[in-house]
Structures are given as structure tokens and as C-alpha cells.
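Quick notes on the structure that follows.
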Amino acid sequence: MDNRLIVFGLHELEGIGWKTMQQLISRFPELHHLFDLSSAEIVAKGIRASVAEQIATRFTPAFIEQKLHIYMKQSIQILTLLDDEYPTILKETAQPPWVLYVKGNLSLLSGRLLGMVGTRTPTLYGKRIAEEWAAALSRAGFGVVSGLARGIDSKAHLGALQGKSKTVAVLGCAINQIYPRENALLYRNIEQDGVIVSEYPIGTGMRPGMFPQRNRIIAGLSLGVTVVEAAEDSGSLITVEFALDESRDVFAVPGPIDSRQSSGVHRLLKDGAKLVTRVEEILDDYNHIIRPEDRGTIAKPSPVFTLTEEEGEILRKLSNEPISIDSLLEQCQFTFGHLHAVLLSLLMKKAIKQLPGSTYILA
């Protein structure tokens with residue numbers, strides 16, 4: 001049995017974390033010898049007694065085959081640090097995962113990737129920036145990496161799915177767990193059109209530290225990380241720390257000076273992060289790797305639809321700032337029922353978006 005499968009099998013045993021795996025690989029160059037050693041012989045090499053006991057009593061080729069079968073039945077791909085397909089940019093980080101569990105298009109992990117993270121409680125401004133910029137990055141040939149959390153992460157994934165380069169979701173839980181549950185549909189869409197990644201085996205229970213730890217993978221896969229709204233105590237700033245440790249670019253989107261959601265971003269700017277107010281300013285740093293055929297695809301494609309005269313009148317009154325149906329009623333000569341019908345038609349044509357509180361913005 002080759003070493004990659006043995007690494008996978010060891011990773012499936014409880015109590016074998018990153019450092020223990022490193023010890024096993026360095027102290028047992030011929031990993032298949034572990035199948036024949038007693039726990040005492042393994043302990044003699046400096047391995048913890050609890051780990052040695054697990055290896056001596058449970059670790060067999062049959063155990064590995066059984067685990068592989070479980071993942072195959074669920075269409076989960078296994079990628080180990082010893083595989084040629086393992087992303088080079090992640091392999092070169094300080095603590096690359098020994099095993100990645102993958103659903104979706106594995107090849108996306110070796111593409112050009114940019115991270116996008118932020119608060120779980122964004123403003124309308126933050127949601128719009130995350131979705132629109134992620135879509136633009138995806139159209140320009142960059143997959144967008146984020147953590148499938150509420151808020152900015154979700155909007156970044158949604159935006160990137162609108163482009164051609166799609167998105168990478170790095171989970172802070174086992175790959176067969178969907179957290180938060182409200183992102184179940186988004187999870188399925190990414191599984192179909194993007195790629196989902198976790199370093200945690202099936203059956204791993206959630207515990208503190210797992211989500212911050214996955215942030216090193218988001219940073220490690222990315223050429224640079226963009227922060228869209230983050231408070232001073234935001235977990236997304238942990239991703240920034242990992243990005244800086246790995247000499248990745250850090251971009252920060254400013255917000256209102258009195259917005260708590262942007263307080264952490266403003267601190268990043270004071271500390272030297274690159275201020276960006278247009279998505280093109282991010283792409284400028286990667287002009288040397290943008291393909292010529294992608295340079296003209298950054299702008300949002302114009303929607304293709306035919307407007308009636310009344311629809312055009314309403315559309316000209318909308319912008320990126322929310323406006324209520326009551327305000328629209330004051331600005332036009334329509335009855336409430338007529339205006340509601342026009343707005344519904346514009347929604348169906350995807351020319352506008354409806355926000356909470358019966359407010360509307362341009363799509």
C-alpha cells in the first residue's frame with residue numbers, strides 16, 4: 001500500500017493531528033512498517049502512548065479500505081499532501097493540511113484564487129460589494145475562496161458563481177456537514193459548480209478552534225485576501241493574520257468611519273493593508289497573470305431585456321441606494337396596485353432587487 005493511502009488512513013484515526021502526523025512521517029520513513037509494529041515499538045520512537053495504541057490495534061489495510069469506501073459512496077475525493085494534484089501554493093505554507101476532503105471540481109484548487117472574507121452581519125453596502133466584486137473577479141479568471149459562513153462569505157460565493165472561475169468553500173467542519181443550515185442550497189450549488197474543501201474527516205464533531213484553523217487554508221490557497229466589513233473582533237481578521245504570515249496580499253474595503261462593521265477594516269488600513277475602492281484596483285496587482293481574453297470581461301454584463309415605457313420610468317428612479325415603495329409612489333403618478341405590478345415585472349426581468357422593508361435597488 002502506497003504512502004498516500006497510509007497518510008489518509010492515519011488521518012482518519014482519532015487523536016492524530018498535524019504535528020503527530022509530521023512525527024510519524026519523519027520517524028517512520030517506511031510507513032507500511034506501522035502495520036506490523038506493537039504499541040511499545042511505536043512509543044519507543046517518541047509517539048504518544050494513546051496514538052501508538054490506536055495504530056497497533058486499529059490501523060490495518062482493511063481499516064483504510066473501509067474508510068475509502070465510505071468516502072467513495074458519498075462522491076468525496078481524497079487529496080493528500082503527497083499527491084501531485086495537491087495545490088502547490090497551499091503545499092508551500094507553514095502548515096498545509098495532510099489530507100483534504102473534496103467535493104466538486106478538484107481542478108479549481110490549482111487555479112488562480114483570491115480570498116474574500118468579512119463579517120457575518122454585513123450592511124447592505126457590504127453585501128453588495130462582496131457579491132459584485134466576487135462576480136467581477138470570477139469573470140476576470142480568478143476563483144474566489146471563502147468560508148461558507150453567513151454574511152460576506154455567502155455573498156462572495158454567490159457572486160463568484162455568476163462568473164466562469166467559480167468559487168472554493170473551505171469548511172470549518174467535516175465535509176458532509178452543512179453549517180450554517182441556511183446555506184444548504186448554496187452548499188449544493190457550490191458542490192455542483194465550484195468546489196468544497198475540508199481537512200476534517202467525516203464524523204468529526206464541531207469544537208472551538210476548528211473554524212479559526214480553517215482560515216489558514218483560505219489564506220493559503222489565495223494569492224491575496226480582500227476584507228469586506230469586519231469589526232475589531234471579527235474572525236475574518238484571523239484569515240488576514242494567516243495571509244500576512246504567508247506573505248499574501250491583503251486588500252481592505254473602507255466603510256463609514258462610524259460603522260462598527262468596518263472598524264476592523266480601518267485598523268487594517270492603518271496597519272498598511274492596501275485600500276481598494278474599485279475591484280479593478282485588486283486586479284491591477286495581478287495584471288501580469290490575467291489572460292488577454294479575460295481583460296475585457298471584468299465589467300458587469302448588461303442585462304438583456306426589453307422595458308416598457310413605465311418600467312423605464314421606474315428604473316430611472318432607482319440606484320444602488322434602497323428606495324421604498326412609498327417614496328416611489330410620491331415620485332410617480334401610478335396607483336399602488338399599478339406600481340406594484342411594474343415592480344413585479346422588473347423583478348421578474350432581474351432588472352431590480354427587492355430588499356427587506358419593501359425597498360428596491362438596481363440589480
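When you go through I298, I290, I323 one by one, which is the residue that is modelled with pLDDT under 95, touching a strand residue (DSSP E or B) at 6+ places or on another chain (Cβ under 7 Å) and on the phi < 0 side of the Ramachandran plot?
Result of the check over I298, I290, I323: I323.
Give the number of residues within segment 242-259 that are touching a residue at least 12 places away in the same chain (Cβ under 8 Å) and either outside any loop (DSSP other than H, G, I, E, B) or open to solvent by less than 30 Å² (accessible area, probe 1.4 Å) (or both).
Residues flagged as touching a residue at least 12 places away in the same chain (Cβ under 8 Å) and either outside any loop (DSSP other than H, G, I, E, B) or open to solvent by less than 30 Å² (accessible area, probe 1.4 Å) (or both) within segment 242-259 amount to 10.
Would you confirm whether any residue within segment 68-76 is within 17 Å of V170 (Cβ to Cβ) and touching a residue at least 60 places away in the same chain (Cβ under 8 Å)?
Yes, because at least one residue in segment 68-76 is within 17 Å of V170 (Cβ to Cβ) and touching a residue at least 60 places away in the same chain (Cβ under 8 Å).
Can you tell me which of (1) closer than 20 Å to G194 by Cβ; (2) within 19 Å of the chain's Cα centre (by Cα) is the one Q74 doesn't meet?
All conditions are met except number (2).
Scan G159, G172 and give me the residue that is of a type in the set (G, A, S), in contact with a helix residue (DSSP H, G or I) (Cβ under 7 Å, 6 or more places away or on another chain) and within 20 Å of L223 (Cα to Cα).
Going through G159, G172 in turn, the sole match is G159.
I'd like to check which helices (runs of 4 or more DSSP H) are fully inside segment 18-103 and have at least 1 residues that are open to solvent by less than 10 Å² (accessible area, probe 1.4 Å), under 21 Å from E246 (Cβ atoms) and at pLDDT 95 or above.
18-27, 88-91
Of all the helices (runs of 4 or more DSSP H) wholly in segment 116-235, which have at least 3 residues that are of a type in the set (A, V, I, L, M, F, W, C), open to solvent by 10 Å² or more (accessible area, probe 1.4 Å) and within 26 Å of L362 (Cβ to Cβ)?
Per the criteria, 124-139.
For segment 324-362, give me each residue that is open to solvent by 40 Å² or more (accessible area, probe 1.4 Å) and either among the β-branched types (V, I, T) or assigned to a loop (DSSP other than H, G, I, E, B) (or both).
Q333, T335, K349, K350, P356, G357, S358
The values are calculated or read from the model by the stated rules, or taken from the named source; none is laboratory data. Quick caveat, the model's predicted, so the values are computed rather than measured. A quick note on method: Cβ atoms are made from the backbone with ideal geometry, for glycine too, and the neighbour counts reach across all protein chains shown. Heavy atoms of the whole protein, side chains included, go into the accessibility calculation; ligands, DNA and RNA do not. Shrake-Rupley method; radii C 1.70, N 1.55, O 1.52, S 1.80 Å.
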